[in-house]
Each structure stands twice: as structure tokens, then as C-alpha cells.
């Protein structure tokens, strides 16, 4: 256990391929500080980074710029991709072109093949958007996709959740799933912050088994 | 002067310790965030553990934390223990035990054997004595 500060935020974002981490934040600045640090670190060490969001690309590029990430340049070099999930990049609904949670795994697998030899990082702010819309089932689907991607490919993943949105019994019931499906977690609040290096049960079985052991009754909390 | 002479019974040390433990636990989980704190209390309530019983049923609280955070529950234990030691001015010294749970047990025994009182309780007693103009002896002494 470590207390998260500016110095060890970098350490938390220093992930290995196969890591599936989570950050719970209260303030939106903390979301960007962590996710963009994860992106920045990845770009720094030569990983290919994918940013999953529901916001449009120019907005994310602008935000990244504020945090010192040269997003446009990295995108031109093919080292950064911003994927708008559920909606097409133009903002209008276009089911044929849209990347949805259903086809996200295929999309990421294709990317992983394209970046042969290099590691892939996925920073995802999607959970927060799904929280806003109270789509618990979609989050379960998304997390399962992320977990299987992290298990199969050389991919490290960081998911961001807004802990202020955990305010209904349905979210409370889902909370153990949200924590223990991840390997590492950071909790940031106005009172301080904590990093838990090992979430979930001791690693005596593979992560995919961990998911499949969850019965059908746990799928829809 | 015996504790009961003025007609007031002093709160037993064990219940003060349990209250303090519950308070420290609350402070520890507050760091995780307000929503997460609510989620923890929700799951504790599902296991029939009310906020006031946290100190007395700490073993069950630990099990609930393990269900919520897996191995990460240790972090919450350490934070709680850290605050408890601070309240009783005891060294944290996690290396004295094999696990935070074991260290917590040691600290609890030490508190009860040495009849220690937490800082927050001493402060409250001090101010009560001051207000009653009865501050002629240390309120935490027998």
C-alpha cells in the first residue's frame, strides 16, 4: 500500500503489459491527471496508446495539450489513437462506423496486431460516461472485454471511475466487481489518496478463470 | 478518589477502544472517497454490522473488506491501524507482527492492559473538567 502523491503517481502509471488497473477519483482534474499521466508515460517509453472516450477527438486533443501531451504529433506518428466509442467521430450516430463495446475487442485486437513488437496501452474514461448514464450492464460488458484483452495481448489498461457517482444501491452492489476485476487500484479523494497494489484475490488462477467463475446471478447486479 | 465517588461511572476502556477503532476506520475509508465509503457501509450493513458495532465486530469488518478489495483490504487495515496508534500514541511497527490484523490485536491488548486512553477522549475529558472547574487531577488516571 502506498499513499499516492505527485511523485508516485508516475509509479502507479508505470504499468506492465497485462496490467488492468483502475482509478477512482472525485474531481475531474484527478481523472485527467491520472489518465493523461498514463498516456504520457506510454508515449515516452514508445508504447502505442489508445484513449477510449465518448468525447470528440478535438476536445480530448485540446485537453491533452493542457497536460503537456503533443497529441496531434503522436497521432500523426501513429502512436496515439483516440477512439470515440458508441458514436462515430463526427458526433452523429452512425451504427456502421461506430465503435461499440460489442466490437471493441475486435478493434483493439486489430490494433494490437498492427503494433507488433510494441506494447499497447489503453486509457479509458468510458466507465465514467457510462456511470453518468447509469448503464451498469454496459460497464460489466466493458470490463469483461478489457479483462480479456489485457489477458490475451500485450496490453496494459487503466480505467477511470468517478467515485462520487457510486451513490445508489445498484452501484454499491457492483462495487466489489469493479474493484476485484482489476489488478491494481488508485483511490483519489479530497482527503488524500491511496494506491492498492493488489486488488482481488491471491493469484492462484488465471484472471480469465476469475471471470468465468462468476455465476450468471452476479452478472446483473 | 475512586472513579465512582462522584456518582459518575467512567466508560469502560474496552468500549472507548471500540469507539476509537470505529472512528479510525471511518477516517481511513474517507480517504478512498465519499462514494466508496458509502459502498463500504452499505456492504457492512448487508452483513448486519452497524457503524457503532464496527469496533466490536472488526473481524467481520475485515472479511467484508476482503470481499470488496481482495488483497487491497490490507491497505485499509494499515490506514486504520495507523490512526489507532496515533490516537493512543503507540508506534505503528508493522514489523512486530505477521499481518496488520495480528498487529491490531497486539495494539488492542496493549491498550487494554495499560489502560490507555485515546487523544480524542482525553481532549474531551480535559475540556469537560475545565468547564466544570474540576481540573485538580488528571481525568484519565484511576
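Below, the figures for the structure above:
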| quantity | calculated |
| --- | --- |
| Over region B:13-117 - Rg/Rh using Cα atoms and the Kirkwood inverse-distance radius | 0.94 |
| Evaluated over region A:151-191, the Cα radius of gyration and Dmax, each in Å | 12.4, 37 |
| Shape call, region A:130-207: gyration tensor on alpha carbons, a/c limit 1.5 | oblate |
| Peptide-level mean, for B:25-34, of C-beta atoms on other protein chains within 10 Å | 6 |
| For residues of B:63-74, the mean tally of beta carbons on other chains within 10 Å | 6 |
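Computed from the coordinates by the stated procedures, all read-outs in this text should not be read as laboratory data. Keep in mind the model is a prediction, meaning the values are calculated, not measured. For neighbour counting, all protein chains shown are included, and Cβ atoms are generated from backbone atoms with ideal geometry for every residue, glycine included.
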